[in-house]
Amino acid sequence: MRDDSTALICHQCNGWNGHYKPGKTSVSTCDNRNNQCASPKFCVKIVDPIDPEYHYITYKADCWFENTILTNATITQTIDNKACYSWSDGGIPAKT
């Protein structure tokens, strides 16, 4: 049995920052502050900057239950608190 009193309460949603696509009418799930999850490990925010010409980034906020994160097709890193990690698909040229 898990003791939720020691768990982190994280925001769980998908959203964006910047000037989102013209005509986009759906509401971000990050506008709903009741979207929560609990994790004994970490809260994460995974950002996809898409392309600089679009002037926005999408992101996902969620609970993370591991001590590691995949930062490349073959590289796993141990997570440090309050750290940011870049991701690459390992291709040539790499998609980052």
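The values are calculated or read from the model by the stated rules, or taken from the named source; none is laboratory data. Since the model is a prediction, treat every value here as computed from it, not as a measurement. Just so you know, the surface numbers come from the protein's heavy atoms only, side chains and all, with ligands and any DNA or RNA stripped out. Shrake-Rupley method; radii C 1.70, N 1.55, O 1.52, S 1.80 Å.
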Please work out how much accessible surface T78 shows to a 1.4 Å probe, ignoring ligands, DNA and RNA, in Å² rounded to 10. 90 Å²
How much length would be gained if the chain were fully extended between D48 and S86, taking 0.36 nm per residue of separation minus their Cα-Cα distance, in nm to one decimal? 12.7 nm
